[in-house]
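Okay, structure first, notes after.
The values are calculated or read from the model by the stated rules, or taken from the named source; none is laboratory data. Quantities reported herein were computed from a predicted structural model and do not represent experimental measurements. As a convention, Cβ positions derive from the backbone with ideal geometry for all residues, glycine included, and neighbour counts pool all protein chains shown. Note: accessible area is taken over every heavy atom of the protein model, side chains too, but ligands, DNA and RNA are not part of it. Shrake-Rupley method; radii C 1.70, N 1.55, O 1.52, S 1.80 Å.
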Amino acid sequence: MRQIVIIGSGPAGYTAAIYAARANLKPLVIASSVEFGGELMKTTEVENFPGFPEGIMGPDLMMKMQEQAERFGAEIVYDDVTKLELAGEVKRIHRGDGTVEEALTVIYATGSEYRKLGLADETRLSGYGVSWCATCDGAFFKQKKVAVIGGGDSALEEATFLTRFADVVYLVHRRDAFRASAAMQDRAFADPKIQILWNLEVAHIYGDEKVTGIGLTSTVDDTETTLDVQGVFVAIGADPRTHLVHGQLDLTAEGTIAVDGRSSRTNIPGVFAAGDVVDPTYKQAVTAAGSGTVAALDAEHFLAALPNEVLVRAGGDPREPGAPVPAAATV
Ligand code: NAP
């Protein structure tokens, strides 16, 4: 049995692993078989993570976080979690390869997944011109025309990135104002390859085997237009990845995991949540990292308050006789 298992390997999961490993809790990080490293593996330059004044590529940042966690003894496995049994003192974490991990605490940091437009042709043409990741697929669209859907930071970042390859990037937004940061907007407005199309929603994606165009409906007067494009990049946000804990952990009205105040404590003692899966608002790599720190410290305090025999059973060090139980151990 382990003292701590961390599910997820984005900034929240790895930061929790760094703290837990430095606290000698020997964490196991279950990093996903395909999407390890989280969303930053799909981004290009990260310019707003403190400590990197020249910027750093997203995948490089994640590799550094992983190295830092491993340096202190975190163990990382590339596998998916298929089922969780969280009630009770010992948590059971079922892995894709059939292994069942047992742990006294779990930090759930599974991030979020891309939203879909909800069109049948979007699914059918996924991988054939429809994409959610410009970093992954942008190079397939050299000298082509593409559309990016959305008006947040992701959409503007994707549009700007795609100008490296595509001749024309249409940025299609359903309103007449972006919610992206001013810096992102300035960059997009100044880019001669980006054409901004306001007040339009995607009603159709056309193409038999590959995308050939999209049908757009005006959000102002319902008029319809078509646009010839070979690529459609959907960048309309993401939803917290909570399917593994439905029926076990309480959720908020926004669909994120409910935690107690500013802590990471969920409704189940010993289960903590961190990163985008608890954050409907800020969703930054830095805030996720901070949230991972909170979860590791909460888990540490929780473990420190458990009876010695339980800790020892999980491979932990017993508390010195007479040592005070940490004040924060109120879970
Ligand atoms: P977001 O901020 O939630 O923006 C989603 C955008 O998609 C909005 O403009 C929204 O329109 C539009 N949208 C949502 N559903 C739609 C639908 N069904 N059809 C058409 N349009 C739809 O999501 P995000 O851009 O992925 O950003 C998420 C968070 O990550 C934000 O906090 C952002 O700051 C952060 N982020 C930061 C960076 C960076 O700093 N480098 C990069 C990427 C993301 P409305 O505006 O009309 O709601």
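Taking each residue as 0.36 nm, the span from THR82 to GLN248 lengthens on full extension beyond its C-alpha to C-alpha distance by 58.3 nm. Shape index of the range 116-234: Rg/Rh, with Rg the Cα radius of gyration and Rh the Kirkwood radius from the inverse mean 1/r over Cα pairs, equals 0.93.
Remark: the ASP317-CYS136 segment gains 60.7 nm on full extension, using 0.36 nm per residue and subtracting the alpha carbon distance.
Here the ratio of the Cα radius of gyration of the range 216-280 to 2.2 N^0.38 Å is 1.75. The smallest convex shape that holds all Cα atoms of the range 49-160, its convex hull, gives 200 Å³ per residue. Between LEU216, LEU303, LEU28, the GNM of the chain built on Cα springs shorter than 10 angstrom shows LEU216 fluctuating the most. Residues within the reach of a label modelled at GLU201 (point 7 angstrom out along Cα to beta-carbon, backbone nitrogen below 19 Å), restricted to the range 110-128, are 115-123.
The P(r) of the chain has a tail past 36 Å containing 28 percent of all C-alpha pairs.
How fast does the range 150-196 diffuse by Stokes-Einstein, in µm²/s, taking the Kirkwood radius from C-alpha pairs at 25 °C and 0.890 mPa s? Value of D from the Cα-based Kirkwood radius: 237 µm²/s. Based on protein heavy atoms only, the range 116-234 ends up with 52 Å² per residue of surface accessible to a 1.4 Å probe. Averaging the Cα positions of each part gives two centres, and for the range 167-182 and the range 83-134 these lie 29 Å apart.
Taken about its Cα centre, the range 253-314 carries a charge dipole of roughly 40 debye when the Cβ of each Lys and Arg holds +1 and the Cβ of each Asp and Glu holds -1.
For the chain, a simple Cβ point-charge model (Lys and Arg +1, Asp and Glu -1, everything else neutral) yields a dipole of about 380 debye relative to the Cα centre.
If I take all pairs of Cα atoms in the range 232-326, what percentage of them are more than 19 Å from each other? Roughly 51 percent, rounded to a whole number. For the chain, what does the helix formula give at 222 nm: sum of -39500 (n - 2.57) over DSSP H segments with n ≥ 4, over the residue count, nearest 500 deg cm²/dmol? Counting only the DSSP helices, I get -7000 deg cm²/dmol. Each of TYR282 and SER218 was given a label point 7 Å from its Cα along the Cα-to-Cβ line. The distance between the two points is 4.2 nm. Could you tell me the number of lysine pairs in the chain with C-alpha atoms less than 15 Å from each other, where the two lysines are 8 or more residues apart or belong to different chains? Step by step, the pairs that qualify in the chain add up to 6.
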